[in-house]
Amino acid sequence: MSREARGAPSPQQELNMNKCSICGEKYEGYGNNARPINDGVCCGSCNGKVLRARLQRHDMGLPMLALDHELVEMKLVKSH
């Protein structure tokens, strides 16, 4: 049975795959900005978590793309 028939990515597809900075799974394409969760690129599945985190920050009046340690450095939140 061929790789394609098994649903496995072809060697060319494998070269174009990236690793999500949140869940660690491989994905194809450009990915999404993972801020404020981390400073990487995430898959489409994890992008929902990123959007929820951004909206929570917006609702609290905080910069949507700042990472937690950056908020502490900006003295917008207290460190734990």
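The values are calculated or read from the model by the stated rules, or taken from the named source; none is laboratory data. All values derive from a computational prediction rather than experimental measurement. Glycine gets a Cβ as well: all are built from the backbone with ideal geometry, and neighbour counts include every protein chain shown.
For first residues located in the range 14-32 and farther than 19 Å from Leu51 by Cα, partners that are among the acidic types (Asp, Glu) and modelled with pLDDT under 95 and lie 6+ apart or on another chain with Cβ distances below 8 Å form the pairs Asn16/Glu28; Met17/Glu28; Asn18/Glu28. Say we look at the range 43-80 and pick out the residues that are among the hydrophobic types (A, V, I, L, M, F, W, C) and either in a helix (DSSP H, G or I) or in contact with a Gly (Cβ under 6 Å, 6 or more places away or on another chain) (or both); which of these is farthest from Cys23 (Cα to Cα)? Result: Val72. Within the range 37-64, the set of residues being closer than 24 Å to Glu25 by Cβ and either in contact with a helix residue (DSSP H, G or I) (Cβ under 7 Å, 6 or more places away or on another chain) or among the aromatic types (Phe, Trp, Tyr) (or both) comprises Ile37, Cys42. Scanning the range 36-69 for residues that are of a type in the set (D, E, K, R), over 30 Å from Ala8 (Cα atoms) and either surrounded by fewer than 15 Cβ atoms within 10 Å (Cβ to Cβ) or touching a residue at least 24 places away in the same chain (Cβ under 8 Å) (or both) yields a count of 3.
For the range 1-56, a tally of residues being of a type in the set (Ser, Thr, Tyr) and at pLDDT below 70 returns 2.
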